[in-house]
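What follows is calculated from the coordinates using simple rules that are stated; it is not laboratory data. The structure presented is a predicted model; accordingly, all values stated were derived computationally and were not measured. A quick note on method: Cβ atoms are made from the backbone with ideal geometry, for glycine too, and the neighbour counts reach across all protein chains shown.
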Amino acid sequence: MSIRVRFAPSPTGRLHVGNIYVALNNWLFAKKQGGKFLLRLDDTDRERSTLAYAAVIEDDLKWLGLVWDEFTRQSDRIDTYEAAAAKLKASGHLYPCYETAEELALQRKVQSSLGKSRVYDRAALKLTDADRQRLEAEGRRPHWRFKLDPRNVEWNDLVRGPQHIDESSQSDPILIREDGTFLYTLPSVVDDVELKVSHVIRGNDHVTNTATQIQIYEALGAKAPTFAHLPLLVDASGEGLSKRLGSLSIMQMREEGLEPMAINAYLARIGTGHAVEAVTGLEALIADHDLSKFGKTSPRFDPEELKHLNARLLHALSFDQVKPQLAALNFAQVDPALWEAARGNLEKIGDIALWQQICRSEIAPVVPDGGFAAKAAELLPGEPWDGDTWKTWTQTVQKTTGKKGKDLFMPLRLALTGLDHGPELKALLPLIGRDRALKRLRGERA
């Protein structure tokens, strides 16, 4: 079987971690199986869909490395949906209904008060042609419902295992609005059929939709794809992410300086039982991808854990791996020596700006003991300097002043870097250079 999966975002907003969690698992599944990853923009919401959001979606996916093999947008396929709707109307699977939203709400309220199911009562099926003509003469326009077969629908879910839903407990879904526009369900099913989608991998908030969609596939004379419903992400406290997604957009993460592979590595492993590891390429995530490893428990998305992973990733990257990114961020003064010295202290790549400043430009030194700093300046060896210079110098300063431990090293760090923490000074000292080091030990800005 040819493996074909799809990621189908709506261009009505920015992608967030929940979207990418689904997109990434689709992409990894397809690549491991030698299949195709399709990007389909569900842009039939004319009021909210924008070209700007569509462009951002494509840009975010490319930045993450989740490049698609095929692309389509639903707004280009309206004729296809119209043809499918006509087929369903002709077969009696789609029927017109004339109730207003207020009338339907009242019907549900009455049903609830009587302790009855809130399932639509199919009153529209009892209308005669004359009834429909009268309603339309009054200015009403029909919405169209799909007539469900009230039976038990079963499927084998690649994440959740055997599933079944009794469709007698479901209302006939509305597929076409009064204004003739389509809701999500019919275009999605039609696209899956026309584009030969073999597997639908999505969040488990769609589980209850699946049985209905299976019936629509069958009504169109098609075989339903294989389904896999991933557990939804929650935050570190176990609450749903829905109200916090604005702070978890991929665009914001990019602006904060997170690495794309940190995001990929984190989202690929949480909830699977695999340890979350810092990996430098998507290929490392493909080999162990397995939908059956996901449980039903919602994985916890912790931004702090992601930040720690991002730092571990940076610590493992060579200068050659980050050179293009450094150039794009205008860190032209960062060379291999500076990167090697500083990378172990970075949380985000933008943090290199501080160490570029310390080693290549001016800072205001901190000199709490001018006498000690002056003596250390006198003992500063001549250049050239290397990785042993720091040890040689501090040993001489210790013998001369009697200072040791924190009393020796902290004043020197404060004077040379202006900070009480940072990379090892044996690596930084040659990068700072003798001229700057002398001036800083004297309390001069340099």
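Our coupling estimate for region 156-167, obtained by passing each phi through the Karplus curve with A = 6.51, B = -1.76, C = 1.60 and θ = phi - 60°, is 9, 8, 5, 9, 9, x, x, 10, 7, 9, 7, 6 Hz, Gly and Pro reported as x. Here is how the number arises for the chain: DSSP H runs of 4 or more residues each give -39500 (n - 2.57), the sum is divided by the residue count, and the result at 222 nm is -13500 deg cm²/dmol. With contacts taken as Cα pairs under 8 Å at a separation of at least 6 residues, the chain carries a relative contact order of 13 percent. With an a/c value under 1.5 for the gyration tensor axes a ≥ b ≥ c computed over the alpha-carbon atoms, region 370-441 is described as rounded. Once the Cα-Cα distance is subtracted from the 0.36 nm per residue extended length, the LYS323 to GLN133 segment shows a gain of 61.3 nm.
Springs join every pair of Cα atoms under 10 Å in this Gaussian network model of the chain, and among THR280, THR12, THR396 the largest mean-square fluctuation is at THR396.
Counting only lysines at least 8 places from LYS406 when in the same chain, those with an alpha carbon closer than 21 Å to its own are LYS375, LYS391, LYS426. Taking amide H as placed 1.01 Å from N in the peptide plane, the amide H of ILE176 sits under 5 Å from that of TRP144, LEU183, each at least 5 places away or on another chain. For the residues ASP129, ASP205, ASP43, a GNM of the chain with alpha-carbon springs under 10 Å puts the largest fluctuation on ASP129. Our coupling estimate for region 372-381, obtained by passing each phi through the Karplus curve with A = 6.51, B = -1.76, C = 1.60 and θ = phi - 60°, is 5, 5, 5, 5, 4, 5, 4, 8, 5, x Hz, Gly and Pro reported as x.
GNM on the chain, alpha-carbon springs under 10 angstrom: the most fluctuating residue among THR297, THR401, THR272 is THR401.
The amide H of LEU230, built 1.01 Å from its N in the peptide plane, has ARG202, GLY203, ASN204 as neighbours under 5 Å, considering only residues 5 or more places off or on other chains.
In this simple spin-label model, placing a label point 7 Å from the Cα along the Cα-to-Cβ direction at both ASP149 and ALA83 gives a separation of 2.5 nm.
Over the chain, what is the percentage of antiparallel beta bridges among all DSSP beta bridges, to the nearest 5?
50 percent
Across region 265-276, rounded Karplus estimates of 3J(HN,Hα) from the backbone phi angles (6.51 cos²θ - 1.76 cosθ + 1.60, θ = phi - 60°) give 5, 5, 5, 6, 10, 5, x, 9, x, 6, 5, 6 Hz, Gly and Pro being marked x.
Between amide H atoms placed 1.01 Å from N, distances below 5 Å from ARG73 occur with LEU41, all of them 5 or more places distant or on a separate chain.
Working from label points 7 Å from Cα in the Cα-to-Cβ sense, the ALA287 to ALA123 distance is 6.3 nm. Each residue in TRP144, TRP155, TRP63, TRP27 was given a count of other beta-carbon atoms within 10 angstrom of its own, and listing them fewest first yields TRP63, TRP155, TRP144, TRP27. Of the trypsin sites (Lys or Arg not before Pro) found in region 377-446, the ones in coil according to DSSP and having at most 14 other Cβ atoms within 10 Å of their Cβ are LYS404, ARG445. For the set LYS62/LYS223; LYS31/LYS62; LYS196/LYS296, the pairs lying more than 20 angstrom apart at their alpha carbons are LYS62/LYS223; LYS196/LYS296.
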